[in-house]
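Notes to accompany the following structure.
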Amino acid sequence: QVQLVESGGGLVQAGGSLRLSCAASTRTFGSYTMGWFRQAPGKEREFVCAISWNGASTYYADSVKGRFTISRGNAKNTVSLQMNSLKPEDTAAYYCAATLRPIASTVGEYDYWGQGTQVTVSL
């Protein structure tokens, strides 16, 4: 079992920045591909970005490419999401997820999920 706990959400004005963090409770954190997803009210959960087990490869949804950056620290069992140039349409609950698959960008490919952290971007 892998437990994931997100933090860092909040309210920010459009154009601002936030940094989300996810702490994982597993001794094999370095084996997992880690991803971030988000879900706005009334919408399906959608892929935001992912990072490979060693941090060598990253993947982003087109909607966040160039604005968001995912990183990980295997020594501390953490994955982070730096979000810059935030837009109102980025408002959502953000979820951290883990999978042993080498590449994964869909909800069904991830086995472990955090409880989510809310990000609200105002005009």
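Summary table
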| read-out | value |
| --- | --- |
| Residue match in region 35-48 (condition: in a strand (DSSP E or B) and among the small types (Gly, Ala, Ser)) | yes |
| In region 15-57, the residues that are aliphatic (A, V, I, L, M) and open to solvent by 70 Å² or more (accessible area, probe 1.4 Å) | 56 |
| Region 1-43, residues that are among the β-branched types (Val, Ile, Thr) and within 21 Å of residue 55 (Cβ to Cβ) | 2, 5, 26, 28, 33 |
| Given (1) loosely packed, with under 15 Cβ neighbours inside 10 Å; (2) in contact (Cβ under 8 Å) with a residue 60 or more places away in the chain, number of the condition residue 12 does not satisfy | (1) |
| Every residue from region 15-34 that is of a type in the set (A, V, I, L, M, F, W, C) and part of a strand (DSSP E or B) | 18, 20, 22, 23, 24, 34 |
| Residues located in region 49-72, provided they are closer than 23 Å to residue 123 by Cβ and outside any loop (DSSP other than H, G, I, E, B) | 68 |
| Residues satisfying the stated conditions in region 73-108, i.e. in a helix (DSSP H, G or I), among the charged types (D, E, K, R) and open to solvent by 50 Å² or more (accessible area, probe 1.4 Å) | 89 |
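The values are calculated or read from the model by the stated rules, or taken from the named source; none is laboratory data. Please read these numbers as outputs of a predicted model, since none were measured by experiment. Reconstructed Cβ throughout: ideal geometry from the backbone, glycine too, with neighbour counts over all protein chains shown. Only protein heavy atoms, including side chains, enter the accessible area calculation; ligands, DNA and RNA are left aside. Shrake-Rupley method; radii C 1.70, N 1.55, O 1.52, S 1.80 Å.
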